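Any read-out appearing in this document is the output of simple, stated calculations on the displayed coordinates, not a laboratory observation. Everything quoted here is computed from the prediction, not taken from an experiment. Every residue, glycine among them, receives a Cβ derived from its backbone with ideal geometry; neighbour counts consider all protein chains shown.
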Amino acid sequence: MHVFSNPIGAGTLWFNDLTTPEGAPVAYDPQARAFLPVPPFCINRERIGCNWIAPEKGAFCKACAMTELAPDPEIPNSIENWAETEAAKRWVLDNLGRWHWFRPEDPGARPRFHMLVDGHTPAAMGHSDGVVTISVSEADPVVRVTRREALDEPYRTMIGHMRHEIAHMLWWRLSLREDFLDAFREMFGDERVDYAAALQKHYESGPLEGWETHYLTSYASSHPHEDWAETVAHLIHLTDITDSFVATGLTSPEMPVGYSWDPYAEPDTGKLVHVAASLATRMNHVNRSMGLAELYPFVLSKTAHRKLAFVHDWLRRGAHGR
């Protein structure tokens, strides 16, 4: 993620900022990828702290307009959790916008979001025909950590959920192309295998033995759809880790030299992943110095590298239909 210029003074702005260092209100324009000091601001600014511009006064920004179903405000903590969930959504939409997804130049359908609060059982996250369903209850760190430990997962965040579930929507978009499905099945397997039965087997019997040599996560081994979604999420993780590293002016021996490098514009997946994995290893060590969990607690196998390259190719060209 970029670090942004202050449009009215000195200093820098971060992606989630609502004001400048001097306290002047600003809003982010995803089309210009810059902060602006003038309205119209999103109508959700006061309600959930949305910091994007709106097309006109009293309107939703492009990100909030994608939310078809919002949580009931009468439910305790629903607004706070929804606000954090929408912030994660804006972050990931901007990530994907770097590859032209869901921007004006993208002719395809946009995701529609249903933001749900857990009832007696957790709200099921997922995607169906362009609708992405997210449990905002997981914005609560206690809920999220409890589920992460129950599922024996090394990583679970709202940004991670957004990247994973939107990845399913991207698959749906790409599956409408005649040239995608055969290539997908050759790389990931046949997604027409019974999905519900595959997940039931995964949760009852555990992941496939030796999954580490073929998949990024144990969950990815459950079904080709989940392998795709996990791989897409990890490609965005790695690209954005690297982009954020570059944006803050940090350097590393693996970084390309001699020009201003944009990880999102890098066509060579091998180079991108090599740099990203090297940075993640170093940042894992920095996190340990504060007693924190590893930033990127994953190992990339040769098969995972091939899958990341496949996803990288399709995400870089898919929104334009090339």
Amide H of VAL132: which non-local residues (sequence gap of 5 or more, or other chain) have their own amide H closer than 5 Å, using H built in the peptide plane? ARG112, PHE113, HIS114
With each run of n ≥ 4 DSSP H residues scored as -39500 (n - 2.57), what mean residue ellipticity at 222 nm is computed for the chain after dividing by its residue count and rounding to the nearest 500 deg cm²/dmol? -13500 deg cm²/dmol
Starting from the amide H of TRP52, placed 1.01 Å from N in the peptide plane, find each other amide H under 5 Å away whose residue is 5 or more places distant or on another chain. TYR28, CYS42
The ³J(HN,Hα) series, computed from each phi in the stretch 208-213 with the Karplus coefficients 6.51, -1.76 and 1.60 at θ = phi - 60°, rounded to the nearest Hz and given as x for glycine or proline, is 4, 5, x, 4, 4, 7
With r as the distance between the Cβ atoms of HIS274 and LEU151 and R0 = 30 Å, compute the FRET efficiency 1/(1 + (r/R0)^6) and round to 0.05. 0.50
Out of the DSSP beta bridges found with both residues in the stretch 1-126, what percent are antiparallel (nearest 5)? 70
Report ³J(HN,Hα) in whole Hz for each residue of the stretch 7-13, in order, from the Karplus equation J = 6.51 cos²θ - 1.76 cosθ + 1.60 where θ = phi - 60°; Gly and Pro get x. x, 10, x, 7, x, 10, 10
Set of lysines with alpha-carbon distance to LYS271 below 28 Å, sequence-local pairs under 8 removed: LYS89, LYS302, LYS307
Please list, ordered by chain and number, the residues whose modelled amide H lies under 5 Å from the amide H of LEU13; skip anything fewer than 5 residues away on the same chain. PHE4, SER5, ASN6
Pairwise over distinct Cα atoms, reciprocal of the mean inverse distance: report the Kirkwood radius of the chain in Å, one decimal place. 20.8
Alpha-carbon spread of the stretch 33-175, three principal axes, descending order, Å: 44, 38, 24
Pair TRP261, HIS305: separation of 7 Å Cα→Cβ label points (nm): 1.7
Free-by-geometry Cys in the chain, Cβ-Cβ under 4.7 Å as pairing rule, reported as CYS64
